[in-house]
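Throughout, read-outs are computed from the coordinates displayed, never taken from laboratory work. Since the model is a prediction, treat every value here as computed from it, not as a measurement. Methodologically, a virtual Cβ is constructed for each residue, glycine included, from the backbone with ideal geometry; neighbour enumeration extends over all protein chains shown.
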Amino acid sequence: MYMSHRSTFTKLVAEGSFPFRVVRIDGFMGDKQLLVFDPKAMHHILVKDAVLYEKTNLTMSALIMGKRLIGNTGEPHRKQRKMLNPVFSIAHMRNVLPIFYNVVDKLENGLSAKLQNDASHGPQEIEMLSCMSRTALELIGQAGLGYSFDDLSTEATAHPYPATLK
């Protein structure tokens, strides 16, 4: 569809005067896409029979990230998600919460020390992206792996792994 016709098409669909309830569009690189406007069909596709319908073409995602949870669809995705469910259960989250508090306390102490050391210089900027990256790695390391990557005190003692992620 050309850009000039796209707004007319969208307007017809929104008004409900478009004669068809399902439209096939030729997408990028010959990809076939269905646009569904029928509520009953959408219910079947999204709710009732969602397992039967592949939501998107994830071949590029699978090429980049491999056959992981995000790169898979269908049955392999369901199996991997089922294996990960216990990690995100309420009981497990309760057990992990003290670790999160501990890491956040370390972050707060590190930022407070940095601000107090540089207080004589007046207002200052702190690069929070690296602080949050280090904190996320520390949370994953302690809660998931039982390993501490970083004490979050100063940049000089930062673990080299967060730098490789940039």
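Miscellaneous remarks
- When peptides 121-129, 106-114 are ranked by their average number of other Cβ atoms within 10 Å per residue, the highest-first order is 106-114, 121-129.
- For K114, the aspartates and glutamates whose Cα comes closer than 20 Å to its Cα, not counting residues fewer than 8 places off in the same chain, are D105, E125, E127, E138, D150, D151, E155.
- Peptides 24-32, 141-149 ranked from most to least packed, by the mean per-residue count of other Cβ atoms within 10 Å: 141-149, 24-32.
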